[in-house]
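Asker: Shown below is the structure under consideration.
The values are calculated or read from the model by the stated rules, or taken from the named source; none is laboratory data. Every value quoted in this text rests on a predicted model; they were computed, and no experiment measured them. Reconstructed Cβ throughout: ideal geometry from the backbone, glycine too, with neighbour counts over all protein chains shown.
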Amino acid sequence: MIVVLKHNPNQDQFDGLVSWLQDKNITVHTSLGHGNTVLGLVGDTSKLDTDLIAALDIVESVKRVQEPYKNANRKFHPEDTVIKVGNTQIGGGTLTIMAGPCSVESEDQVVAIAKAVKASGATMLRGGAFKPRTSPYAFQGLGATGLEYLKVARQETGLPIVTELMDLSQLPLFDDVDVIQIGARNMQNFDLLKAVGHQDKPVMIKRGMSATYEEWLMSAEYVMAGGNQNVILCERGIRTFEHYTRNTLDLAAIPVMKKLTHLPIIIDPSHATGKNWLVDPLAMGAVATGADGLQIEVHNDPAHALCDGPQSLKPETFDTLARKLLTLHNSLQTLED
Ligand code: PEP
Ligand code: MN
């Protein structure tokens with residue numbers, strides 16, 4: 001349920017309303033926008049009398065929210081969510097560029113790539129330490145050692161790190177990670193979502209390869225229901241009948257998510273296409289469509305990468321792309337001003 005308050009509500013009446021709701025086991029999220037203050041009510045609101053609330057002096061209107069996701073709903077929180085990560089932020093008109101190798105392979109490799117992508121304008125370093133691989137015989141990642149190498153790369157460059165958590169048992173190792181990534185294959189691992197909801201590090205949820213928008217938002221809701229409001233969505237291609245590309249990038253997800261939710265959305269054109277030459281046009285398309293950022297795989301030697309070489313850009317190709325992305329983003333902002 002959403003309660004929209006009148007301008008400058010009387011503080012005593014405001015406090016009275018909030019404690020009355022809390023006594024009924026309702027959690028109240030207050031969103032102070034440029035316009036009206038909005039109260040998002042979560043819990044069993046079925047027994048609340050909407051007419052009674054609407055009749056209060058400080059209340060402008062009361063609406064029941066039909067969608068099953070409440071915290072993630074834009075109606076609940078009209079302003080865009082902006083997530084602070086280190087010295088940078090995700091959302092709020094910025095363009096976040098997460099770049100780095102599919103997998104961390106060695107300290108030298110990840111440090112060299114981190115330095116290169118930083119020089120090109122990347123704002124975060126990506127790299128998998130725990131890797132979800134289709135084959136049990138494929139490289140599974142360096143695990144805890146890979147996380148240590150990522151931290152060395154952060155130390156050397158100042159870039160915050162985003163890396164995938166595959167299993168609950170790994171969570172204690174992620175204490176010093178900046179953004180926890182939940183991979184496409186784990187989008188509906190509800191125990192994992194609950195666990196990352198009970199800590200306060202930002203969580204980026206990649207869309208499952210056959211997940212609907214509502215299922216994806218319900219995964220965000222799991223994290224937010226646990227108390228962690230720092231959720232980022234990442235579209236990384238969905239499975240369709242088309243086999244030419246690894247997946248099919250759903251760019252419509254950007255404006256749809258902007259309408260349905262206040263959470264930032266990142267596009268991953270690398271896993272979406274599986275081909276290095278498609279990363280540039282689709283990344284440009286994502287910025288033009290309003291994405292808050294990109295996640296791009298970059299490798300210093302793609303031909304010998306232990307994972308996803310064919311979709312990885314060389315640092316010099318990434319450099320050209322990153323400059324184009326920032327130029328496009330800046331010119332779109334000028335158009336909007
Ligand atoms: C990844 O980003 O390393 C990854 C495995 O992506 P996805 O979960 O989207 O397949
Ligand atoms: Mn990969």
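Asker: Within the range 258-276, track down each residue that is among the hydrophobic types (A, V, I, L, M, F, W, C), within 18 Å of LEU95 (Cα to Cα) and more than 16 Å from ligand 1 (Cβ to nearest atom).
Answerer: LEU263
Asker: If you don't mind, there's one more thing I want to ask. Which residues, taken from the range 144-164, are within 16 Å of ligand 2 (Cβ to nearest atom) and either farther than 19 Å from LEU294 by Cβ or not charged (D, E, K, R) (or both)?
Answerer: Once the filter is applied, which keeps residues that are within 16 Å of ligand 2 (Cβ to nearest atom) and either farther than 19 Å from LEU294 by Cβ or not charged (D, E, K, R) (or both), the range 144-164 yields GLY146, LEU150, ILE161, VAL162, THR163.
Asker: Kindly list, by first and then second residue, each pair from a residue in the range 156-174 that is part of a helix (DSSP H, G or I) to a residue that is away from ligand 1 (no atom under 16 Å from the Cβ) and not hydrophobic (A, V, I, L, M, F, W, C), limited to pairs with Cβ atoms under 8 Å and residues at least 6 apart or on different chains.
Answerer: Note: pairs meeting the criteria are GLU156/LYS115; THR157/LYS115; THR157/LYS118; LEU168/ASP191; LEU171/GLN199; PHE174/LYS201.
Asker: With the structure loaded, tell me whether GLU67 is closer than 17 Å to GLU221 by Cα and either part of a loop (DSSP other than H, G, I, E, B) or in contact with a strand residue (DSSP E or B) (Cβ under 8 Å, 6 or more places away or on another chain) (or both) or whether it fails that test.
Answerer: Criteria met by GLU67.
Asker: Same structure again: Restricted to the range 176-199, and to residues that are in a loop (DSSP other than H, G, I, E, B) and either modelled with pLDDT under 95 or within 14 Å of ILE161 (Cα to Cα) (or both), which residue is farthest from ligand 2 (Cβ to nearest atom)?
Answerer: ASP176
Asker: Taking into account only those residues within the range 298-308 that are within 12 Å of ligand 2 (Cβ to nearest atom) and in contact (Cβ under 8 Å) with a residue 40 or more places away in the chain, which is nearest to LEU282 (Cα to Cα)?
Answerer: Selected residue: VAL298.
Asker: Sticking with this one: Would you point out which residue out of GLY226, GLY285 is over 16 Å from the mean Cα position of the chain (by Cα), away from ligand 2 (no atom under 16 Å from the Cβ), closer than 30 Å to THR27 by Cα and without any contact (Cβ under 8 Å) to a residue 60 or more places away in the chain?
Answerer: GLY226
Asker: Would you mention how many residues in the range 106-118 are crowded, with 24+ Cβ neighbours inside 10 Å, touching a residue at least 60 places away in the same chain (Cβ under 8 Å) and within 18 Å of PHE139 (Cα to Cα)?
Answerer: Going residue by residue through the range 106-118, those that are crowded, with 24+ Cβ neighbours inside 10 Å are 110, 113-114, 117.
Next cut, touching a residue at least 60 places away in the same chain (Cβ under 8 Å) only: 113, 117.
Next, only the ones that are within 18 Å of PHE139 (Cα to Cα) stay: none.
Residues that pass the stated criteria total 0.
Asker: Is there a residue in the range 127-140 that is away from ligand 1 (no atom under 14 Å from the Cβ) and either touching a strand residue (DSSP E or B) at 6+ places or on another chain (Cβ under 9 Å) or in a helix (DSSP H, G or I) (or both)?
Answerer: No.
Asker: State yes or no: is ILE90 crowded, with 18+ Cβ neighbours inside 10 Å and either among the acidic types (Asp, Glu) or under 27 Å from MET218 (Cα atoms) (or both)? Reasoning before the result, please.
Answerer: Working: crowded, with 18+ Cβ neighbours inside 10 Å: yes; either among the acidic types (Asp, Glu) or under 27 Å from MET218 (Cα atoms) (or both): yes.
For ILE90, the condition - crowded, with 18+ Cβ neighbours inside 10 Å and either among the acidic types (Asp, Glu) or under 27 Å from MET218 (Cα atoms) (or both) - is met.
Asker: Something else now. So which residues in the range 283-305 are at negative phi and surrounded by fewer than 20 Cβ atoms within 10 Å (Cβ to Cβ)?
Answerer: Selection gives MET284, GLY285, ALA288, THR289, ASN300, ASP301, PRO302, ALA303, HIS304.
Asker: Give all pairs with beta carbons closer than 7 Å in which a residue from the range 59-73 that is closer than 11 Å to ILE2 by Cα meets a residue that is aliphatic (A, V, I, L, M) and surrounded by fewer than 16 Cβ atoms within 10 Å (Cβ to Cβ); count only pairs at least 6 apart in sequence or on separate chains.
Answerer: Partner pairs satisfying both residue conditions: SER61/ALA54; VAL62/ALA54.
Asker: Continuing with the same structure: Among GLU214, GLU235, which is more than 19 Å from ASP80 (Cβ to Cβ) and touching a residue at least 12 places away in the same chain (Cβ under 8 Å)?
Answerer: GLU214
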